[in-house]
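The values are calculated or read from the model by the stated rules, or taken from the named source; none is laboratory data. On a predicted model such as this, the values are computed, not experimentally measured, just so you know. Here the Cβ is made from the backbone with ideal geometry for all residues, glycine too, and neighbour counts use every protein chain on show. SASA here: full protein model, heavy atoms, side chains in, ligands and nucleic acids out. Shrake-Rupley method; radii C 1.70, N 1.55, O 1.52, S 1.80 Å.
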Amino acid sequence: MPIPTLTDLGVTDKWQQKLAKLHIHNAWDAILHLPLRYEDETKITAIAHAKIGESVQVEGIVLQQEVQFRPRKQLLVHIQDGMGATLFLRFLNFYPSQQQQMAKGQRIRALGEIKHGFYGDEMIHPKIRAAEGAVLSDTLTPVYPTVSGLTQPTLRRFIQTALEKVDLSDTLPKALLHRLNLPDVAASLRLLHQPPSSMNSAQLHNGHLPAWQRLKFDELLAQQLSMKLAYQQRCQGSATPLIGNGRYAPILLEALPFALTAAQQRVVQEIGQDLQQTYPMHRLLQGDVGSGKTVVAALAALHALEAGAQVAIMAPTEILAEQHFQKFKQWLEPMGIEVGWLAGSTRKKAKDQIKTSLVDGCLRVVVGTHALFQDDVVFAQLGLVIVDEQHRFGVGQRLALKSKGQDVHQLMMSATPIPRTLAMSFFADLDVSIIDELPPNRTPIKTKLINSGRRAEIEAFVRHTIKQGHQVYWVCPLIEESETLQLQTAVDTHVQLQAAFSEYAVGLLHGRMKAADKAAQMEVFKANEMQILVATTVIEVGVDVPNASLMVIEHAERMGLAQLHQLRGRVGRGQAASVCVLMFTEPLSDLAKARLKVMYEYTDGFEIARQDLAIRGPGEFLGAKQSGVPLLRFTNLEDDLELLEQARDVAQYLIMHDQKVVETHLNRWLASREAFLGV
Ligand SMILES: Nc1ncnc2c1ncn2[C@@H]1O[C@H](COP(=O)(O)OP(=O)(O)OP(=O)(O)O)[C@@H](O)[C@H]1O
């Protein structure tokens, strides 16, 4: 049965516009609009028994009513219940009609929270009704999130009608629900919208309540089903299988100054197998900072090249793309493979040349930024796309890239470790390879938390580090003075450090510099012709200078965990013992303290990501808005891992054995635009 529209429910246009603001577009949306809290109008509480902080309904006769003008205009009503106890009702805004309703001698009911006031116990702005003829309701009264101009009774009426008109027969088989110990969906929804008076708010807001578990399960199941179907669809798609002939990869392995770690070997194999399939690879390569993803990407590229395909490597910033470009050139050109470069700042003539050689197929490998997505970049035979830091690219860009070559193989790399729960939930349509091992002989990075007042000590330590032959990053969060954020500018710091370290070369790198200037600074730093590099967070991702062993981060308290972890990962990449100094300025917020503590205690990216998730919640963690990652509405992934695992298994089972259930369940859940698809 189709889901009724709002018009079917008898909601007029005027109200539909209000409901749209609450993201309610049809009857199912209305049903999923769950109460914020509940009011108890099922009973009358004796004033003497009402506790401070409790929301109750009392009944009494008005003893006195008074409009006061100091300290501000307010209406004060004093009532007394049948047992002789009294209570004040206070209104800061009021109408003459209310004054009439609460005239002296009237018997009224007041519903609100009991507070301890100046005159004694009181309710502020309680809901008032005449006691005469009033009945007690059978169920708790839901209070919904609403918008101005849409009152609770009106909204309640719409939702009530929706509950009556929508076919709430269960989408899941009884036996399955029984096995999972979940209640039926209609009962669950009715319970949350109209709970019996025997329940209280705490019980109703407990996520472990069977009714909540059922909604969460349904939501997770719908998510898992649609991702699995997307995955199936991909597996039915066609892509050119890339069969490597072993011509290039062994040459690179031979030339590297190190042997691959076991983890690198494993993921290279996983990728190699994917590339040989007739459907497109969508693989996410995860590895902590410095775990050696670049060489894995290069081996994947060589595999595709051996099979005669073209390869595009894309990074989110020019500095990172440039670095990949240099590495790929260094590794591939000795084998006679030319590597092209295409970024926003590339001059038109050079761009045109690259484009021509991509379309005629002479150029087999190109590295660049999102400039690679432009419509006029056409490939003769694109077979593999490698996207670094994939979470930084919008979905739109990824799709644009997909359209470059019919169903090309895609390898996405991420140094932001995604905790298992999130990966399982949101990347169920991707295959994931994890490099869970760092190259050998790395000395763990030592993290020090130092108050910015102790700058002189830090400078002494910088000098000591340089004397040992190593280099230093000095990171400042902003480049310009901002009144609101009194952050020290990188430009100022550069001047200061130049003065303090006049015997050394001190460079500067910030986001407003031209790409070529940035690249030039990096080159000088890499060659150790510069000992200190003052930088904004442009160096956050991917910069690889193994000789740098000290990182100083100013105003670390202002940065997020993922960013700090990425920054810290710029050191500890060689064999020297590395140190990361997190400078902070007091006072510290609780959040800042929590973050700095995590940075001090953990170095493992996955553990930091887990902590980050716990501190910020999945929404912010994933940066849903930018990444377009769909979010769940009822489920809290940290608490509901078990449900997620069940939903995953059930989804797998249903897809194989019960198409009908899959269809009905998805039909219902996808009807809500604001459900997990979140778009
Ligand atoms: N198996 C290995 N043994 C020793 N060194 C390695 C190995 N693999 C990579 N390296 C070196 O480790 C450093 C880090 O590698 P790479 O830049 O690929 O890291 P990454 O995973 O891309 O990290 P990030 O996300 O921080 O950029 C590089 O200098 C690289 O040459």
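List of remarks:
- The heavy atoms of Thr7 offer some 90 square angstrom of accessible surface to a 1.4 angstrom probe.
- For region 62-99, the residues whose backbone nitrogen is under 16 Å from a point 7 Å from the Cα of Phe118, taken along Cα to Cβ, are 66-78, 88-93.
- Simple spin-label estimate for Ala85 and Leu229 gives 5.6 nm between the two label positions (7 Å along the Cα-to-Cβ direction from each Cα).
- For Ser433, the residues whose amide H sits under 5 Å from its own are Leu284, Leu285, Gln286, ignoring neighbours fewer than 5 places away on the same chain, with H placed 1.01 Å from N.
- Neighbourhood charge, 11 Å Cβ-Cβ cut-off, centred on Tyr279 and excluding it, Lys, Arg +1 and Asp, Glu -1: -1
- Counting only protein heavy atoms and a 1.4 Å probe, region 445-602 has 43 square angstrom of accessible area per residue.
- If you plug the beta carbon distance of Val359 and Ile615 into 1/(1 + (r/R0)^6) with R0 = 41 Å, you get a FRET efficiency near 0.25.
- Of all accessible heavy-atom area on region 6-88, the percent that carbon and sulfur account for (1.4 Å): 51 percent
- On a per residue basis, region 126-268 carries 49 Å² of accessible surface, using protein heavy atoms and a 1.4 Å probe.
- Cα gyration tensor category, rounded, prolate or oblate, for region 249-305 with a/c compared to 1.5: oblate
- With a threshold of 27 Å on the Cα-Cα distance, the over-threshold entries among Lys14/Lys216; Lys73/Lys127; Lys348/Lys514; Lys448/Lys514; Lys43/Lys115; Lys327/Lys355 are Lys14/Lys216; Lys448/Lys514.
- Note on region 55-136: Cα-Cα pairs beyond 22 Å make up 15% of the total pair count.
- Taking every alpha-carbon pair within the chain, the share separated by more than 32 Å comes to 63 percent.
- The GluC sites (Glu not before Pro) of region 284-357 that DSSP puts in a loop, and whose beta carbon has at most 13 other beta carbons within 10 Å, are Glu338.
- Here's how it looks for Lys446: its modeled amide H is under 5 Å from those of Ser578, Val579, Cys580, which are all 5 or more places away or on a different chain.
- Exposure of Asp590 as accessible area (Å², to 10), given a probe of 1.4 Å and all protein chains: 120 Å²
- Modelled label reach - Ile52, point 7 Å along Cα→Cβ, region 107-143 residues with backbone N closer than 15 Å: 113-124
- Of the residues Gln106, Phe94, Val135, the one whose Cα sits farthest toward the positive end of the charge dipole of region 55-136, with +1 on the Cβ of Lys and Arg and -1 on the Cβ of Asp and Glu, is Phe94.
- Share of Cα-Cα pairs in region 1-157 lying beyond 27 Å, as whole percent: 37 percent
- Region 181-289: trypsin sites (Lys or Arg not before Pro) in DSSP loop, at most 16 other beta carbons within 10 Å: Arg247
- Here Leu168 sits with roughly 10 square angstrom of accessible surface, probe radius 1.4 Å.
- The modelled label-to-label distance between Gln16 and Lys104, using points 7 Å beyond Cα along the C-beta direction, is 5.4 nm.
- Loop chymotrypsin sites (Phe, Trp or Tyr not before Pro), region 248-336, which have at most 13 other Cβ atoms in a 10 Å radius of their Cβ (DSSP): Phe258
- Whether region 445-602 is rounded, prolate or oblate, judged on the alpha carbon gyration tensor where a/c under 1.5 counts as rounded: rounded
- Label point at Ala516 placed 7 Å out along Cα→Cβ; residues across region 337-352 whose backbone nitrogen lies under 18 Å: 341-352
- Of all beta bridges that DSSP places with both ends in the chain, some 35 percent have antiparallel geometry.
- Sites Lys593 and Lys446, calculated FRET efficiency, Cβ-Cβ separation with R0 25 Å, nearest 0.05: 0.80
- The magnitude of the dipole of the chain, with charges of +1 and -1 set on the Cβ of Lys/Arg and Asp/Glu and taken from the Cα centre, is near 880 debye.
- Helical content of the chain, expressed as a calculated mean residue ellipticity at 222 nm, amounts to -12000 deg cm²/dmol (DSSP H runs of 4 or more residues, -39,500 (n - 2.57) each, divided by residue number, nearest 500).
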